[in-house]
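Participant: So that we are looking at the same thing, I have put the structure below in structure tokens.
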Amino acid sequence: MAFQFEPAIVLETIPMLMRGLKLTVEITVGGLFFGFFLGSGAGLMKISRNGLVRLLAGSYIESIRGTPMLVQAMFLYYGVPLAIGIRIAPITAGIIIIAVNSGAYIAEIVRGAVQSINPGQMEAGRSIGLTHTQAMFFVVWPQALKRMIPPLGNQFIISLKDTSLLMVIGVGELMRTGQEITAVNFRAFEVYMAVGLVYLAMTMTIAKLMKMVEKRLSVSQR
Amino acid sequence: MIHIRSLHKRFGDLEVLKGVDLHVKAGEVVCIIGPSGSGKSTVLRCINRLEEPSSGSIIVDGHDIMARQTNINMIRTEAGMVFQQFNLFPHMKVLANVTLGPIKVRKMAKDEAVALGLSLLQKVGLANKANNYPQQLSGGQKQRVAIARALALQPKVILFDEPTSALDPELVGEVLAVMRQLAQEGMTMVVVTHEMGFARDVADRVIFIDDGKIQEEGPPRELFNNPKNSRLRNFLRAVTAA
């Protein structure tokens, strides 16, 4: 039986993926939203003057970066409920995993960006009487944020793609939806092509959006 | 206004200040000169505790800056600072650079701060640049904005850390002119500078620092015309030869 590529199946599959797509978007947006706050906190903690605070942030970042997300997902969804006796809904687990995982990488992005700002900026802020926190918030952070945009865009794309791993904990996202379709029609070639195209459309959208943000922020400044 | 006693500062093994005593009266203009690496900027940065003194005492406007109960942020509003590299906030317009302190630190109402900011920009001759971003300004203009930013807190003293050293020669004059005007208005100023002409004309007192200590101090006429210390003589010979 010779393989025959059926482009029509690709086109038919795409609408069937929309349910999964919705979940993928929700988990990505939710995960990155919390991940950004987590990462900002951990990134700032990493440059704290308090050694214990630095150690805390460092342990978080290292343990997440040093283990596969697949292991983290299985651990949180199958392992943790055994220990605490509460089942976590797959979508909640998905958002937590993306948040915790992206947070570790975002922390390094934040740390790098904040440290790249000339120390004279903090000094000038302190010299007009701002507290360390105020100078960070009003002076250093807005400048650092601009430098974070390109690497953040990169991380957003990575996290979006990483949501496909959540199929192993039964989240009916895009990838799993595709898999379920192939289980019925056995057209793995066309279906996964469709799945890939949908991911590509989303990642390209993110890249475009980040470019727009970057451009907008650079209008006023160097 | 400022009383520094036996100030020492070490960076690791390197002792930068080896016991500095300096007293600045209200309304006085004190210029600190000396070779690079002599510790003169460090003295200035200790006064508002951007640099932590290793030992000694510093009293600013009656407040011991090392004391636990002293609010250092409050001291910093009384002792404004102007930096060699300007350190304007590049993401804010010129006016916002000037009003940030009054609004966030002094809790001034926004329109009041704007009025104050505009009047200070007027004073340094840059009212027309209020809505520009710092990178659209020349070095001299940036430094004048930085002076307006320091003035916005209505400080009792302004610390100038080599304010003209990063400027192109033709832009030095406009900054010195603003500083001269401040001096005439009675502002207390401590100026670390390489501008001997400014020190000679404007300073009430000149301090020569080398090797972490005050080697000689006195009225500019005396210090420049009749230097007693051999290091100072060598230094003056070197800077005037240039």
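Participant: Mind checking whether some residue in the stretch A:65-87 is touching a helix residue (DSSP H, G or I) at 6+ places or on another chain (Cβ under 6 Å), more than 14 Å from every other protein chain (Cβ to nearest Cβ) and assigned to a loop (DSSP other than H, G, I, E, B)?
Facilitator: yes
Participant: Which one of A:T13, A:T28 is more than 26 Å from A:G153 (Cβ to Cβ) and touching a residue at least 24 places away in the same chain (Cβ under 8 Å)?
Facilitator: Within the list A:T13, A:T28, the selection yields A:T13.
Participant: Residues A:P90, A:P81, A:P68: which one is more than 30 Å from B:I72 (Cβ to Cβ) and touching a Lys or Arg at 6+ places or on another chain (Cβ under 7 Å)? Step through it out loud before you land on a result.
Facilitator: Values: A:P90 fails: touching a Lys or Arg at 6+ places or on another chain (Cβ under 7 Å); A:P68 fails: touching a Lys or Arg at 6+ places or on another chain (Cβ under 7 Å).
From the options A:P90, A:P81, A:P68, the qualifying one is A:P81.
Participant: Got a number for residues in the stretch B:53-85 being without any contact (Cβ under 8 Å) to a residue 12 or more places away in the chain, within 14 Å of chain A (Cβ to nearest Cβ) and not in a helix (DSSP H, G or I)?
Facilitator: Qualifying residue count, the stretch B:53-85: 2.
Participant: Further question: Sort through B:V94, B:V105 and tell me the only one that's over 17 Å from the mean Cα position of the chain (by Cα), within 8 Å of another protein chain (Cβ to nearest Cβ) and of a type outside the set (K, R). Steps first, answer last, please.
Facilitator: Details: B:V94 fails: within 8 Å of another protein chain (Cβ to nearest Cβ).
From the options B:V94, B:V105, the qualifying one is B:V105.
Participant: For the stretch B:191-237, which positions are hydroxyl-bearing (S, T, Y) and in contact (Cβ under 8 Å) with a residue 40 or more places away in the chain?
Facilitator: If the condition is that a residue be hydroxyl-bearing (S, T, Y) and in contact (Cβ under 8 Å) with a residue 40 or more places away in the chain, then B:T193 is the only one that fits.
Participant: Moving on. Taking the stretch A:119-149 as the search range and keeping residues that are of a type in the set (S, T, Y) and surrounded by fewer than 23 Cβ atoms within 10 Å (Cβ to Cβ), which one is nearest to the other protein chains (Cβ to nearest Cβ)? Break it down stepwise before answering.
Facilitator: At the first step, the residues of the stretch A:119-149 found to be of a type in the set (S, T, Y) are A:127, A:131, A:133.
This time we only want the ones that are surrounded by fewer than 23 Cβ atoms within 10 Å (Cβ to Cβ), so: A:131, A:133.
On the way: A:T131: 6, A:T133: 11 Å.
Among those residues, the one meeting the criterion is A:T131.
Participant: Which of the numbered conditions does A:G112 fail, given that it passes all the others? Conditions: (1) in contact with a Pro (Cβ under 9 Å, 6 or more places away or on another chain); (2) within 13 Å of chain B (Cβ to nearest Cβ).
Facilitator: Every listed condition holds for A:G112 apart from (2).
Participant: Here's a follow-up. Could you grab me the full set of residues in the stretch A:171-202 that are touching a Leu at 6+ places or on another chain (Cβ under 9 Å) and without any contact (Cβ under 8 Å) to a residue 60 or more places away in the chain?
Facilitator: Result: A:Y199, single match.
Participant: So is A:R65 surrounded by fewer than 13 Cβ atoms within 10 Å (Cβ to Cβ), at pLDDT below 95 and over 23 Å from A:A201 (Cα atoms) or not?
Facilitator: Judged against the criteria, A:R65 is not a match.
Participant: Whether any residue in the stretch B:86-109 is among the aliphatic types (A, V, I, L, M), outside any loop (DSSP other than H, G, I, E, B) and either modelled with pLDDT under 95 or on the phi > 0 side of the Ramachandran plot (or both) is what I want to check.
Facilitator: No - not one qualifying residue is present in the stretch B:86-109.
Participant: Would you please name the residue that is nearest to the other protein chains (Cβ to nearest Cβ), looking only at residues in the stretch B:31-51 that are free of Cβ contacts under 8 Å to residues at least 40 places away in the same chain and part of a loop (DSSP other than H, G, I, E, B)?
Facilitator: B:L50
Participant: Taking only pairs six or more apart or across chains, which ones have beta-carbon atoms under 7 Å, a first residue in the stretch A:32-58 that is free of Cβ contacts under 8 Å to residues at least 40 places away in the same chain and over 20 Å from A:H132 (Cβ atoms), and a second residue that is of a type outside the set (A, V, I, L, M) and in a helix (DSSP H, G or I)?
Facilitator: A:G58/A:K46
The values are calculated or read from the model by the stated rules, or taken from the named source; none is laboratory data. From a predicted model like this one, the values you see are computed outputs, not experimental measurements. Every residue, glycine among them, receives a Cβ derived from its backbone with ideal geometry; neighbour counts consider all protein chains shown.
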